[in-house]
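Report on one structure; see the data block that follows.
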Amino acid sequence: MTRPVNIGFVPLTDAAPLIVAVEMGFAEEEGLDVNLLREQNWATIRDKLSYGVVDAAHVLLPMAIGISLGLAPTKTRIDFPLVLNMNGNAFVASPNLTTALLENGNQLGNARAFGNALIKLSRSQPIRVAVPFLQSMHVTMLRHLITQLGGLPEDVFDFLVSSPSKIEQLLTDGDVDGFMVGSPWASHAVENGAGHLMLTSNTIWQGAPEKVLGMRYDWLEDNRDTAMRLTRAVYRAANWAARNPNSGVVSEILSRPQYLNVSSSIIENNLLGDTVMATSGQTQHDPLALQLDAKRIGFPWQSAAAFVAAQNAPYWNIDPTLAKTVAHEICRPDIYRQALESANAPLPSANQKVEGSLHSTTEVPGMNNPILGPDAFFDGKIFDPA
Amino acid sequence: MKHLHIVVVDPNKERAFLIVDGLAATPDYKVTVIGETHGLARQFMALKPDIILIDLQDPSRDSFEQIIAASGAADRPVAMFVDHSDQHMMRAAIDAGVSAYVVDGLRKDRITPVLETAIARFHKFQRTQKELETTKAALAERKTIDRAKGLLMKARGLTEEDAYALLRKTAMDQGRRVSDVANGLVIAAGLLL
């Protein structure tokens, strides 16, 4: 008997684990009949997930925390057993902003120089930046960058929300000075000559979880077996998608009209870690710019979610302790372990780690040899959850 | 009681008309339609709407939502959606593709009829669209069948009736639709001639 599951996604490269799970048969292997629903707005994902129109979704980590805290039309607990990717966002500046930033000491790909230039420039007026959602890693990381450099994010940025695939148009129309968006839309804009890429999000925090496999708590508890099958299917699909030789197939699938509807070469470059910085073709190679490798990044660390919750709490008018508590609750390492033991996944023995302390690839205690990539912040910040 | 100001954000003229038509029957509603959404989001709160209706999929919904949410900090607190307890109604709205934003403190009995109308009109619009597509497809099919009949009449000297009978028999033997067989014939004839 196959079990039907409705899953919402937004057209972005980091939806790959979900799309590949369906297209390459990983979901079918687990006896799941997955129906993928494409949504252009994150607000629609939020609404459909919280009202149960979909069972699970591609979710921004801060949005999962936000909905669970009641910062949504309806308060619903959204849990996640798996992180879908680390980083993958990039900041694109208009040609004018690019020049102005350079005049104020910006260096491409250097978070500190970029942040300082933004602070200096915003003294005359705030910089208009489009983001796909306010409860997002995009906003969280930009605010962190400014705060750590002694600036006030509310003075530096004037945020405007737009769906990822429409964000480039805002820059072209001159409605914003820049935007932060996920792959492939940043590269798409650069290829089109709309602007220049200033930095990728991993230069702010190497260990930033980006999207998660979100599920309504009620659905997860009522359908634990299905939820675990889904976790396994997506975990396997993510590892498959992250393997270098498969990037061609993955990008071909994602490029189809019903998914991202964008040239496969842009997606493939991002999957391989090649980021085109300027219309002149200047390219930067950094495999940490977008990580889908679930073996390394899939584990739902409570400490990372708690950090994101604590960062956002003041802007959401929420008590930071409450925000951290809820962030802990919605991480489901228990489901991760139970679902993935049979898939020989690395199972760390801890649920929390000191965020920002790893500067290189490190082996951590646990089963099946868990190895973590670097998770340092640009400013050397350490977040100790204890 | 003061007029309830309903702002409908919808670039689709036909659907906007359907919604307005449904709401206009009630005299204490004032309905404003915003058709051109680009760049308007930042000004539209000046209209002081009590209820805002937007297509769930509308690309400009994000910026409208941001403005509505931001205005919550000001003197007109706005809550997203209806009474948080009314899950059933909101699910129905999402299924129909409507997103609704309501000024906080507005009584539920004033909101419910507006939403019910919007949901019904969104559904009606979807049905009309589907009917239109079906009619168009049927017309196109009939044209193809007529052309195929004409080809058979000319090539094999058949009457119109016999030409259609032959198409139907072939379709039945092949387990295909008459229009598919006709389409195949028209394409093949185009290649041969």
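The values are calculated or read from the model by the stated rules, or taken from the named source; none is laboratory data. Here the structure is a predicted model, which means the values were calculated and not measured. Counting neighbours? That spans all protein chains shown, and the Cβs are built from the backbone with ideal geometry, glycine included. Surface areas here come from the heavy atoms of the whole protein model, side chains and all, with no ligands, DNA or RNA. Shrake-Rupley method; radii C 1.70, N 1.55, O 1.52, S 1.80 Å.
If only Cα atoms are counted, what is the Rg of chain B, and what is its Dmax, in Å?
Expressed in Å, the Cα Rg and Dmax of chain B come to 25.8, 81.
With angles folded into 0 to 90 degrees, how steeply does helix A:302-316 sit against the dominant principal axis of chain A? Use alpha carbons for both and round to 10.
Between the helix axis and the principal axis of chain A, the angle is about 50 degrees.
Using a Debye calculation, one point per C-alpha and no hydration shell, please list log10 I(q)/I(0) for segment A:88-203 at q = 0.12, 0.18 Å⁻¹ in order.
-0.34, -0.81
Where in chain B are the DSSP H helices whose C-alpha atoms run 18 Å or more along the long axis and whose mean Kyte hydropathy is at least 1.0?
B:178-192
Students sometimes get this wrong: rank B:His3, B:His123 by accessible area, probe 1.4 Å, all chains present, largest first.
In descending accessible area the options line up as B:His3, B:His123.
About the Cα centre, and with charges only on the beta carbon of Lys, Arg (+1) and Asp, Glu (-1), how big is the dipole of chain A? Nearest 20 debye, please.
With Lys and Arg at +1 and Asp and Glu at -1, about 320 debye.
Classify segment B:136-192 as rounded, prolate or oblate, taking a ≥ b ≥ c as the square roots of the eigenvalues of its Cα gyration tensor: rounded when a/c is under 1.5, otherwise prolate if a/b is larger than b/c and oblate if not.
rounded
For chain A, with the dipole built from +1 on Lys and Arg beta-carbon atoms and -1 on Asp and Glu ones, taken about the Cα centre, which of A:Leu322, A:Phe299, A:Ile65 lies farthest toward the positive end?
In chain A, that residue is A:Leu322.
How large is ³J(HN,Hα), in whole Hz, for each residue of segment A:128-137 in order, when computed from phi with the Karplus curve 6.51 cos²θ - 1.76 cosθ + 1.60 and θ = phi - 60°, using x for Gly and Pro?
So the Karplus estimates, Gly and Pro as x, are 7, 10, 8, 9, x, 6, 6, 7, 8, 5 Hz.
If you take every residue apart from B:Asp10 with its C-beta less than 10 Å away from the C-beta of B:Asp10, what net charge results, scoring Lys and Arg +1 and Asp and Glu -1?
Once positives and negatives cancel, what remains is -1.
Distance between the C-alpha centers of segment A:260-297 and segment A:17-31? Whole Å please.
23
Taking the Cα centre of segment A:88-203 as the origin, how large is its charge dipole in debye, to the nearest 20, when only Lys and Arg (+1) and Asp and Glu (-1) carry charge on their Cβ atoms?
The calculation lands at about 300 debye.
Using only the heavy atoms of the protein chains and a 1.4 Å probe, how would A:Met198, A:Met24 rank by accessible area, largest first?
In descending accessible area the options line up as A:Met24, A:Met198.
Rolling a 1.4 angstrom probe over the protein chains, ignoring ligands and nucleic acids, what is the accessible area of B:Leu192 in square angstrom, nearest 10?
Roll a 1.4 Å probe over it and B:Leu192 shows about 150 Å².
Looking at segment B:85-148, I'd like the Rg to Rh ratio, where Rg is from alpha-carbon atoms and Rh is Kirkwood's inverse mean 1/r.
1.32
Whole Å is fine, so just give me how far the alpha carbon centre of segment A:308-379 lies from that of segment B:96-146.
Value for the Cα centre distance between the two parts: 44 Å.
Heads up, I need the accessible area for B:Val103: 1.4 angstrom probe, whole protein in place, Å², nearest 10.
20
Report, largest value first, the span of the C-alpha coordinates of chain A along each principal axis, in whole Å.
61, 44, 42
Starting from the Cα gyration tensor of segment A:199-346, take the square roots of the eigenvalues, sort them a ≥ b ≥ c, and report rounded, prolate or oblate (rounded when a/c is under 1.5, otherwise prolate if a/b is larger than b/c, else oblate).
It is oblate, given that a/c is not under 1.5 and a/b is not larger than b/c.
Kirkwood hydrodynamic radius, segment A:1-65, all distinct C-alpha pairs: what's the number in Å?
Answer for segment A:1-65: a Kirkwood hydrodynamic radius of 12.1 Å.
List the pairs from B:Lys13/B:Lys124; B:Lys13/B:Lys48; A:Lys75/A:Lys381 whose alpha-carbon separation is above 26 Å, in the order I gave them.
Going by Cα-Cα distance, A:Lys75/A:Lys381 fall outside the 26 Å limit.
Just checking the output field for A:29-42: average partner chain Cβ neighbours within 10 Å of each residue's Cβ?
Counting Cβ atoms of other protein chains within 10 Å of each residue's Cβ and averaging gives 1.
Keeping all protein chains in the complex and leaving out DNA, RNA and ligands, what accessible area do you get for A:Val53 with a 1.4 Å probe, in Å² to the nearest 10?
Here the accessible area works out near 20 Å².
Using heavy-atom solvent-accessible surface (probe 1.4 Å) with all chains present, what is the largest-first order of A:Lys211, A:Lys295, A:Lys48?
Putting A:Lys211, A:Lys295, A:Lys48 in descending order of accessible area: A:Lys295, A:Lys48, A:Lys211.
Output the Cα-based Rg and Dmax of segment A:134-255 in Å, rounding Rg to one decimal and Dmax to a whole number.
18.0, 49
Run lengths n ≥ 4 of DSSP H only: what is the helix-derived mean residue ellipticity at 222 nm for the protein assembly as shown, with -39500 (n - 2.57) per run over all residues, to the nearest 500?
Value at 222 nm, helices only, nearest 500: -14000 deg cm²/dmol.
To the nearest 20 debye, what charge dipole does segment B:136-192 have about its Cα centre, counting +1 at the Cβ of each Lys and Arg and -1 at the Cβ of each Asp and Glu?
140
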